[in-house]
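Structure, as structure tokens:
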Amino acid sequence: MIIAIFLVVLLAFMALGMPIAFALMLSGIAMMIHLGYFDSQLLAQNMLAGADNFPLMAVPFFMLAGELMNAGGLSRRIVDLAVSLVGHMRGGLGYVAIGTAVVLASLSGSAIADTAALAALLVPMMKNNGYRAQPASALVAAGGIIGPVIPPSLPFIIFGVATNTSITRLFFAGVMPGILMGVVLVLLWARTTGREAVTPSPRQSWGERWTAFRRAGWALMLPVLIIGGLRGGLFTPTEAAVVAAAYALIVSLLVYRELKLPELLALLISASKTTAVVLFLCAAALVTAYMITLANLPGELAGLLGPLLHYPRLFMLAVVILLLLVGTAMDLTPTILILGPVLMPLAVKAHIDPVYFGVMFVLVGVVGLLTPPVGSVLSTVCGITRVRMEQIVPAVMPYVAAYTGLIGLFILFPQLITVPARWLY
């Protein structure tokens with residue numbers, strides 16, 4: 001009964017167009033009333049506890065770091081370096097988009113920020129070189145979702161907070177899946193680019209490549225600084241966010257000098273607005289999570305999925321199918337906050353590595369960012385490139401299918417995630 005109340009209230013308010021944070025909060029209140037536990041003080045305390053969490057301090061700083069990198073020229077210099085290296089190849093600008101997506105993923109950790117930078121910088125360049133808008137936009141969208149997988153990753157931070165999983169281990173476990181996502185894009189783009197009647201850019205000399213590398217050097221040092229600091233135990237993921245924001249600010253203001261002090265206020269406001277949305281979601285989700293625990297919802301689900309708990313791969317397959325379906329209607333952050341605390345205890349009962357489960361959860365969730373009707377990454381690309389949603393969806397579906405196949409490979413061979421994660425950690 002409690003499952004029905006939770007789902008009906010949540011889905012009903014979402015269908016009415018209510019923001020997901022308010023729908024979450026009201027579904028928690030509905031469960032409170034049903035169980036006879038309604039107390040306004042309890043509601044306020046849980047919301048405060050949901051936002052007052054030290055690891056979540058990383059969210060505003062990584063958001064700010066992404067804004068600074070786009071405004072301060074770091075992202076553009078990485079694109080210029082990639083163009084100098086592979087822009088002369090057939091379909092070279094597509095490979096530039098993929099390579100840049102992987103590098104940017106190691107800088108900001110946000111799919112929206114990475115996608116916005118790639119779409120603004122690369123899609124016009126690709127169109128000017130003869131690429132059609134739809135496949136170019138689809139490739140940028142598919143590359144943008146690598147952002148939350150390669151560390152640093154905002155979804156990993158939120159998942160770690162919601163499920164009490166080591167954020168540092170999640171970071172290192174995301175490296176190999178993110179790289180393999182890039183490999184999948186390269187293979188699929190090599191097949192797609194044969195149908196594009198484009199003229200490759202002129203090959204640049206080694207001197208020009210060295211110049212591009214020197215100009216991008218400061219930007220390329222940021223992922224080295226973050227991963228090296230985490231690997232060496234110099235700082236925590238939360239502190240890494242502060243380091244990333246401070247580094248991006250110093251480079252943008254004093255080294256590249258593309259960011260002016262008067263522009264900083266607008267970037268701070270933009271990062272603050274995005275942070276407010278995420279933290280309010282976390283606050284509302286804890287109300288629901290508290291009532292889910294009180295109502296023993298994981299126990300009820302365990303009863304439903306009981307036969308699968310003895311077969312970890314079948315259990316993971318069921319979870320992946322569930323998350324793919326949910327991802328078509330819900331964004332990644334609320335999916336993590338709602339389903340993460342519910343499914344993690346079941347994964348532990350099924351003897352699945354929590355870090356592996358967290359990576360798979362986020363990996364499946366980011367694929368949902370490419371699927372309509374929600375598809376926030378698709379919406380971002382469409383808004384920037386002026387390509388209609390119905391035009392980009394057919395072009396992006398092969399990438400969704402390829403990513404789904406990669407997820408299936410991770411189900412069959414979990415060692416592809418767990419072994420590199422242990423080695424890196």
Residues being over 15 Å from the mean Cα position of the chain (by Cα) and in a loop (DSSP other than H, G, I, E, B): count how many of those fall in the range 84-113. 5
Would you please list the contacts, defined by Cβ atoms under 8 Å and residues six or more apart or on different chains, that run from a residue in the range 146-171 that is farther than 17 Å from L225 by Cα to a residue that is outside any helix (DSSP H, G or I) and at pLDDT 90 or above? V149/G174; F156/G174; F159/T165; G160/S166
Could you tell me which of the residues M31, M47, M63 is surrounded by 15 or more Cβ atoms within 10 Å (Cβ to Cβ), in contact (Cβ under 8 Å) with a residue 12 or more places away in the chain and over 28 Å from L170 (Cα atoms)? M31
Which numbered condition trips up W210, out of (1) touching a helix residue (DSSP H, G or I) at 6+ places or on another chain (Cβ under 8 Å); (2) over 27 Å from T165 (Cα atoms)? (1)
Has the range 82-92 got any residue that is buried (at least 23 other Cβ atoms within 10 Å of the Cβ) and within 18 Å of L281 (Cβ to Cβ)? no
Only one of L323, L304, L337, L378 is surrounded by fewer than 22 Cβ atoms within 10 Å (Cβ to Cβ) and in a helix (DSSP H, G or I), namely L304
Which listed residue is modelled with pLDDT under 80, outside any loop (DSSP other than H, G, I, E, B) and among the hydrophobic types (A, V, I, L, M, F, W, C), from L118, L81, L42: L42
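The values are calculated or read from the model by the stated rules, or taken from the named source; none is laboratory data. For clarity, every value in this text was computed on a predicted model and none was experimentally measured. We place every Cβ from the backbone using ideal geometry, glycine too, and count neighbours over all the protein chains shown.
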